[in-house]
Every structure is written in C-alpha cells, then in structure tokens.
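**Student:** The structure is given below, and queries will be raised subsequently.
The values are calculated or read from the model by the stated rules, or taken from the named source; none is laboratory data. These figures come from a predicted structure and were not determined experimentally. Note that we place each Cβ from the backbone using ideal geometry, even for glycine, and neighbour counts take in every protein chain shown. Ligands, DNA and RNA are excluded from the accessible area calculation, which covers all protein heavy atoms including side chains. Shrake-Rupley method; radii C 1.70, N 1.55, O 1.52, S 1.80 Å.
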Amino acid sequence: MKKLLTILISIILLLNCSKTPTSPDNQNLNLKTSKVFIVNQGIWGGANGTLSIYDVDNDTLYNNVIELGNVANFITIYKNKAYVLNSTSNNIMVLDISEKQITIEKTISGFNNPWSATILNEKLYVANQTGDKVSVVDLNQLSVIKEIPVGTAPQGIYTIKDKVYVANTGYEGWGKPYLPGKISIIYKDNIIKEITAGINPQAFSSDSEENLYVCLLYTSPSPRDLSTSRMPSSA
C-alpha cells in the first residue's frame with residue numbers, strides 16, 4: 001500500500017424500501033445467464049426483506065425470488081453461494097445459487113447488526129456495527145471462527161491483497177457527537193495498525209495503483225466545511 005487517500009464528501013442517503021408484489025411465476029429464471037442480485041431491505045421491524053434477480057441477457061427482472069430477514073442490507077457472491085447480511089435479525093443467510101431454485105443452505109447467527117462484509121482467503125469478514133468488532137466466518141465450515149475487536153461502530157469493510165480495512169464510524173448513538181473516525185487494518189486476523197480518517201468514514205474503493213479511497217459521510221450543514229486530505233500509509 002503506497003498511501004491512503006481520504007476524500008471528504010457530504011451526502012444525503014434517501015432509502016425507500018418496500019416489498020415488491022410477488023411476480024406471477026419465476027420458473028423461467030436462469031441462473032446460468034448474466035445476472036444481478038438485488039437485496040430489498042424491507043421495512044424495519046417487518047422481517048420482510050426479499051431477493052430480486054435481474055437477468056441481464058434477457059432483460060428480465062424477477063422479484064420475490066426468496067424471502068430474507070429483517071433489514072437485509074448487504075449481499076456478496078462467492079463460489080455459487082450468496083451471503084446476505086440481515087442487520088436487525090443479527091444473522092447471515094447462506095444461499096445456494098448453483099441450481100435454478102435458490103435455497104437457504106444455512107443461517108449463521110451471533111452477529112451484532114452485521115453491516116457489510118468482504119472475502120479473503122476463504123473467509124468472510126463481517127463488520128458488526130453495534131458490536132465494535134469484525135466476525136470472521138470460515139466459508140468451508142460456515143461458522144464464526146474468530147471475533148476481532150476494532151473501533152466504534154464499524155460499517156465499511158474492504159480487502160486489498162492480504163489485508164482487510166475497516167471503517168469505524170465513531171457513532172455512539174442518536175444525538176451524540178461522533179468520535180474521531182478510525183481505519184483499522186487487519187492482517188492475518190489481527191489488528192496491525194489504526195489510522196485516523198476524519199468524521200464518519202463509511203465506505204472504500206481503490207484504484208489500479210492500490211491507493212485506498214475512504215468516503216466520509218460528513219453531516220455539517222455548511223458546504224464550506226468540506227475538505228480533502230491525504231494521509232500516507234506504510235501498510
């Protein structure tokens with residue numbers, strides 16, 4: 001990693017999630033074509049998240065393919081399996097997507113508001129927003145094998161090469177000021193470094209030179225408070 005770039009961005013997230021009416025039938029769903037998996041979060045407390053699939057090749061959208069949990073807010077795909085994080089249900093659904101009919105292979109419990117996840121070396125790293133920790137799930141055993149304490153209210157999580165980067169937002173509760181944001185760097189399932197990142201770091205991206213970009217959700221009412229800073233990193 002040559003350097004860590006931090007971009008400060010002021011954004012407003014507008015979420016309008018509701019359950020889509022059931023499609024007449026999904027028997028023509030073909031998982032062998034190019035497809036996009038869409039998690040419909042559902043209404044908070046309603047336990048009515050659903051999965052939709054968009055068939056790119058045939059320009060067809062299939063709704064209500066399978067029912068998910070309460071506040072399903074993240075999905076990642078790996079080796080014919082989909083891993084869905086149900087934040088308020090505090091679990092992860094493992095979906096078998098290798099056949100035409102999608103089935104729930106297993107539901108893994110024991111998380112604390114799982115927010116996002118990344119995959120490295122046959123392991124799923126899960127940021128627990130209210131647990132101040134990262135859960136490590138062995139993808140062969142489909143069980144949690146380790147919990148790594150990180151900073152306050154982690155949300156974004158990202159992988160570059162052999163390291164996992166965690167965005168600790170510093171959120172302590174409604175109406176309370178944010179703590180300084182931190183980026184925790186995990187290597188071989190241990191924290192090796194922590195970097196100050198500004199207010200409310202949320203998400204990551206990277207470029208071809210392996211520079212890591214961090215998006216900060218800054219809640220200041222004045223656009224004059226926006227700034228961009230660059231922090232070197234030897235990690």
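Table: residues versus (1) small (Gly, Ala, Ser); (2) out of contact with any helix residue (DSSP H, G or I) (no Cβ under 7 Å at 6 or more places or on another chain); (3) over 15 Å from Glu194 (Cα atoms).
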{"position": "Lys100", "(1), (2), (3)": "no, yes, yes"}
{"position": "Thr107", "(1), (2), (3)": "no, yes, yes"}
{"position": "Ala117", "(1), (2), (3)": "yes, yes, yes"}
{"position": "Glu122", "(1), (2), (3)": "no, yes, yes"}
{"position": "Ala127", "(1), (2), (3)": "yes, yes, yes"}
{"position": "Gln141", "(1), (2), (3)": "no, yes, yes"}
{"position": "Pro154", "(1), (2), (3)": "no, yes, no"}
{"position": "Tyr165", "(1), (2), (3)": "no, yes, no"}
{"position": "Thr169", "(1), (2), (3)": "no, yes, no"}
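One line per residue, one yes/no per condition, for (1) more than 15 Å from the chain's Cα centre (by Cα); (2) without any contact (Cβ under 8 Å) to a residue 24 or more places away in the chain; (3) not in a strand (DSSP E or B):
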{"residue": "Tyr54", "(1), (2), (3)": "yes, yes, no"}
{"residue": "Tyr62", "(1), (2), (3)": "yes, no, no"}
{"residue": "Tyr83", "(1), (2), (3)": "no, no, no"}
{"residue": "Thr88", "(1), (2), (3)": "no, no, yes"}
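**Student:** Please find, within the stretch 104-131, the residue that is most open to solvent (accessible area, probe 1.4 Å) out of those that are touching a Gly at 6+ places or on another chain (Cβ under 9 Å), in contact (Cβ under 8 Å) with a residue 24 or more places away in the chain and not in a strand (DSSP E or B).
**Tutor:** Among those that are touching a Gly at 6+ places or on another chain (Cβ under 9 Å), in contact (Cβ under 8 Å) with a residue 24 or more places away in the chain and not in a strand (DSSP E or B), it is Asn113.
**Student:** When the residues of the stretch 8-39 are filtered to those that are over 25 Å from Val94 (Cβ atoms) and either among the β-branched types (Val, Ile, Thr) or modelled with pLDDT of 85 or more (or both), which remaining residue is surrounded by the most Cβ atoms within 10 Å (Cβ to Cβ)?
**Tutor:** Across the stretch 8-39, the extreme among qualifying residues is Ile9.
**Student:** Would you call Val126 closer than 23 Å to Lys106 by Cβ, at pLDDT 95 or above and among the aliphatic types (A, V, I, L, M)?
**Tutor:** Against the criterion (closer than 23 Å to Lys106 by Cβ, at pLDDT 95 or above and among the aliphatic types (A, V, I, L, M)), Val126 qualifies.
**Student:** State all residues of the stretch 40-63 that are within 15 Å of Ile97 (Cα to Cα) and either open to solvent by 10 Å² or more (accessible area, probe 1.4 Å) or of a type outside the set (Ser, Thr, Tyr) (or both); if no residue qualifies, say none.
**Tutor:** Result: Leu51, Ile53, Tyr54, Asp55, Tyr62.
**Student:** Show me the strands (runs of 3 or more DSSP E) entirely contained within the stretch 132-226 in which 2 or more residues are at pLDDT below 95 and surrounded by 16 or more Cβ atoms within 10 Å (Cβ to Cβ).
**Tutor:** Correct list: 190-198, 201-206, 212-217.
**Student:** I'd like the residue in the stretch 65-102 that is open to solvent by 20 Å² or more (accessible area, probe 1.4 Å) and among the small types (Gly, Ala, Ser) and, out of all such residues, is farthest from Lys32 (Cα to Cα).
**Tutor:** The selected residue is Ser89.
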